[in-house]
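K.L.:
Structure below; questions to follow.
The values are calculated or read from the model by the stated rules, or taken from the named source; none is laboratory data. Predicted model, so just to flag it, every value in this text is computed and none were measured. Heads up, the Cβs are rebuilt from the backbone with ideal geometry, glycines too, and the neighbour counts pull from every protein chain shown. The accessibility values were calculated without ligands, DNA or RNA, using every heavy atom of the protein model including side chains. Shrake-Rupley method; radii C 1.70, N 1.55, O 1.52, S 1.80 Å.
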Amino acid sequence: MGVVTYEFEVTSPVAPTRLFKAFVLEGAKVYPKAAPHAIKSVELEGDGKPRSIVKINFVEGLPFQYMKHMIGGHDENNLSYSYSLIEGGPLGDKLEKISYENQFVAAASGGSVCKSSIKFYTIGDYVITEDEIKALIQRSEVVYKAIEAFLLANPDACN
């Protein structure tokens, strides 16, 4: 097994506290509303604390039926959270899991920056390429931008 770490940032005109609420605290409600073209439903297995499982079910026609995240934790004061993709989605037979650490911070020009560190845990001798990593990140950014658009169109959401 190998581990590859990739770091990136995404900017947004939305305040960091609203993004944190949308992604972490109210994600089960927000995801299907913000991305109905991709996400059918979100189910929580557990109490929402570390080691709880979040199952995201996708609409028919997408490459994956679902994926499961294990919650690592979140810090409302620092607007940070962590989780691991442990089943379904893009894991296939080449990735054991993908772990994410994210933090929303205020941008100097207003809005926010989401700082992400992602660790890809490969199976066996498999080596993930930078192109594969970028493709996975692009899929995530589609949902990120959909949630951002939802928050911009609904100024009272996640306040």
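K.L.:
Keeping every protein chain present and rolling a 1.4 Å probe, give me the accessible area per residue for the range 8-88 in Å². Intermediate values should be presented prior to the final figure.
P.N.:
On the way: 4400 Å² over 81 residues.
Per-residue accessible area for the range 8-88 comes out at 54 Å².
K.L.:
For the range 55-114, what % of the accessible area comes from carbon and sulfur atoms, probe 1.4 Å?
P.N.:
44
K.L.:
Moving to a separate point now. Would you kindly give the portion of the calculated P(r) for the chain that falls above 22 Å, as a percent of all Cα pairs?
P.N.:
41
K.L.:
Cα-Cα pairs above 23 Å in the range 35-125: how many percent?
P.N.:
35
K.L.:
Above 13 Å lies some portion of the pair distances; for the range 1-60, what is it as a whole percent of all C-alpha pairs?
P.N.:
Here the tail beyond 13 Å accounts for 71 percent of pairs.
K.L.:
Mind giving me the FRET efficiency for Leu25 and Arg139? R0 is 25 Å, r the Cβ-Cβ distance, nearest 0.05 is fine.
P.N.:
Computed FRET efficiency for Leu25 and Arg139 comes out at 0.60.
K.L.:
Hey, how many Å between the Cα centroid of the range 49-107 and the Cα centroid of the range 116-159?
P.N.:
With the range 49-107 and the range 116-159 each reduced to a Cα centre, they are spaced 10 Å.
K.L.:
Determine the equivalent ellipsoid of the range 80-159 by diagonalising the alpha-carbon gyration tensor, then write out the semi-axes as square roots of 5 times the eigenvalues, largest first, rounded to whole Å.
P.N.:
Values: eigenvalues 168, 36, 28 Å².
Whole-Å semi-axes of the equivalent ellipsoid: 29, 13, 12.
K.L.:
A follow-up question, please. For the chain, with the dipole built from +1 on Lys and Arg beta-carbon atoms and -1 on Asp and Glu ones, taken about the Cα centre, which of Ile39, Ala157, Ser84 lies farthest toward the positive end?
P.N.:
Going by the Cα projections, it comes out as Ala157.
K.L.:
Sticking with this structure for a sec: Label point 7 Å out from Ala107 along Cα-to-Cβ: which residues of the range 6-36 have amide N under 11 Å?
P.N.:
Correct set: 10-16.
K.L.:
Report the label-to-label distance for Thr11 and Tyr126 in nanometres (one decimal), using points 7 Å from each Cα along the Cα→Cβ vector.
P.N.:
With each label placed 7 Å out from Cα toward Cβ, I get 3.5 nm.
K.L.:
Given the protein chains as shown and a 1.4 Å probe, how many square angstrom of Lys40 are accessible, to the nearest 10?
P.N.:
130
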